[in-house]
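Rule-based calculations on the coordinates, nothing more; no lab input. Bear in mind that the values here come from a model prediction, so they are computed numbers and not experimental data. Reconstructed Cβ throughout: ideal geometry from the backbone, glycine too, with neighbour counts over all protein chains shown.
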Amino acid sequence: MSGTDKYPGQKVSVVNDGKRCIHSRYCVLNLSSVFVPNVEGPWIKPDAAPHETVIAVVEKCPSGALRHEGSVAEQPPTVNTVRIWENGPLAFHGALDILGDTSSFRATLCRCGLSKRKPFCDHSHAEVNFIATGEPPAKDTPALAVRDGKLKVTPGKDGPLQVEGNLEICGASGRTVSRETKTWLCRCGHSANKPFCDGAHRKAGFKDDGKLPND
Ligand code: SF4
Ligand code: FES
């Protein structure tokens, strides 16, 4: 399950970028006929379910590891969101532009500070027992006039994620935490005001070049 692989089907093909997979297991638990891990040969079998079902499950892959190709193109959501995972990453869903990478509307980005594939999550949070609530206090923010549109995510060098665009920040349960059009989200793991940056990255000596991974 690593590297980018294409699994051709008659009506839909599935592309898997294994490096982005964070092992949420949404695919294997929700469509076990198509997503069959630990087998000899291809582990994704696009023709083993109706193509609409395959597409629906692929579009729920939170990390963007899965994409589909065929006659149906994935559409951006009508509401840009970032969901704060309990003890885990920030799961974005929107018309994402991450340092010019517009390949997916879905991405899980590191917020423990320890991923080796920053800005993407590589599941390091689980190895270090990162503790951070998925349900921070809500801010009293007005409804956004527009809830979709381009969402530009810029990981700052040695600093937070700058996010520009219409964005609803949601707790792990889906509860609205805040509504923003420009904000800075902690990705060093040390803010006392998560998910927002409070400047703690400087004292913590957080280091990252602010670029996309090379691989
Ligand atoms: S749904 Fe996506 S992130 Fe979750 S296990 Fe499947 S490929 Fe990985
Ligand atoms: S990035 Fe964590 S406090 Fe600024």
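Can you give the % of DSSP beta bridges in the range 81-204 that are antiparallel, to the nearest 5?
75
So which trypsin sites (Lys or Arg not before Pro) in the range 78-173 are both in a DSSP loop and have at most 15 other Cβ atoms within 10 Å of their Cβ? Before the final figure, lay out each step's value.
Numbers: sites: 83, 106, 111, 116, 117, 139, 147, 150, 152, 157; in loops: 111, 116, 117, 139, 147, 157.
Sparse-neighbourhood loop trypsin sites (Lys or Arg not before Pro): 116, 139, 157.
Once label points are set 7 Å from the Cα along Cα→Cβ at both residue 10 and residue 176, what is their separation, rounded to one decimal in nm?
Between residue 10 and residue 176, the simple spin-label model gives 4.6 nm.
For the chain, what does the alpha-carbon gyration tensor say about shape, rounded, prolate or oblate, given a ≥ b ≥ c as the root eigenvalues, a/c under 1.5 as rounded, and a/b over b/c as prolate?
Working: a/c = 1.96, a/b = 1.53, b/c = 1.28.
Because a/c hits 1.5 or more and a/b exceeds b/c, the chain counts as prolate.
Subtracting the Cα-Cα distance from 0.36 nm times the residue separation, let me have the gained length for residue 143 to residue 117 in nm, one decimal. Don't jump to the answer; show the numbers that get you there.
On the way: separation 26, 0.36 × 26 = 9.36 nm, distance 3.40 nm.
Gain in length upon complete extension: 6.0 nm.
With a ≥ b ≥ c taken as the square roots of the eigenvalues of the C-alpha gyration tensor of the range 4-70, please select rounded if a/c is under 1.5 and otherwise prolate if a/b is larger than b/c or oblate if it is not?
rounded
If you average the sequence gap of Cα pairs under 8 Å that are 6 or more apart and divide by the length of the chain, what percent do you get for the contact order?
Details: 498 pairs, mean separation 35.3, N = 215.
Relative contact order here is 16 percent.
Which loop GluC sites (Glu not before Pro) in the range 35-89, with loop taken from DSSP, have no more than 14 other Cβ atoms within 10 angstrom of their Cβ?
Working: sites: 40, 52, 59, 69, 74, 86; in loops: 40, 59, 74, 86.
Passing both the DSSP loop test and the Cβ count: 40, 74, 86.
Please give, to one decimal in nm, the separation of the simple spin-label points placed at residue 162 and residue 101, each 7 Å out from Cα toward the Cβ.
The modelled label-to-label distance comes out at 1.9 nm.
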